[in-house]
Each structure stands twice: as structure tokens, then as C-alpha cells.
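See below for the structure under consideration.
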Amino acid sequence: MVTEDYILRMIQDLGRMLARLLHSGALEPEALSLPLEETEPAVLPLLEELRRQCDLGQINQAEDRLFAEVDFSDPATLPTVLGFYQYLNHYTDRQLESWDYSREEIFDGLRDCAVCYGADPQLAEAFRP
């Protein structure tokens, strides 16, 4: 349990670091765990669809879609990315494993997104649990 909490915090910290690096004004990851009605309107369409797909256990497909549809040259897309990985981070390890996914893959995906946005990969690695 302590290890799981540590990994959860590391994933959240990496998301915060990415938002600050991009000076995007992106929502803090915790804010994206609010109900969809309370998030920014621009975040809703893709993020809502990805969340639904994850709830069906289709996390790998949702992540593939995220990478295919997000324009990483536009920092305004960061809330969608952070919201997606924060949403994954709320599932238990047991749920993630039953869907052939892991907490480490959440971190790896977020790190890969950071690199796509232009962050130094070594900086992202500093957050590795």
C-alpha cells in the first residue's frame, strides 16, 4: 500500500512538472479528477470519450487513441493528457492488471507525452518511482 501511494504521488508530480514546464496554464492533475461537467469545455470531448473507453477496460486502445489524436505541438492539449493519466491513476492496481495495464505504464505514458511536448527525457526520468 505504501509503495502504491508513492507511485501515485510520483505520477501526480510528473504531471505537475510537465504543466509548469510548458507554462500552458493547464489544470493541475487533481482538478481534472472532478466530474466532467466541472472541467474546461475544451477538454471535454476527447477526454470524456477516453474516460468512457477506460471504464470499459480498453485502456491500451484509449492510450493509442490519445497519442493519435492529441496535437503535442499545442500546449493547450495538455489538460486532456493530464486528465487522461490522472483518471487512469485512480484505478486500483488490481483493476489495471485485469485490463493488462500497470501503474508503471501510466508513468511511462506520461513521460512519453512529456517528451512529445519537448521536455527533456532525463528530467522526466528524475520522477521515476
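What follows is calculated from the coordinates using simple rules that are stated; it is not laboratory data. Please read these numbers as outputs of a predicted model, since none were measured by experiment. FYI the Cβ positions are ideal-geometry reconstructions off the backbone, even for glycines, and counts take in every protein chain you see.
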Between TRP99 and LEU123, what length comes free when the chain is fully extended (0.36 nm per residue of separation minus the Cα-Cα distance, one decimal in nm)?
5.7 nm
In nm, spacing of pseudo-spin labels at ALA76 and VAL115 (7 Å Cα→C-beta vector)
2.8 nm
Under a crude label model (7 Å from the Cα following the beta-carbon direction), how far is GLU49 from ASP64 in nanometres?
1.5 nm
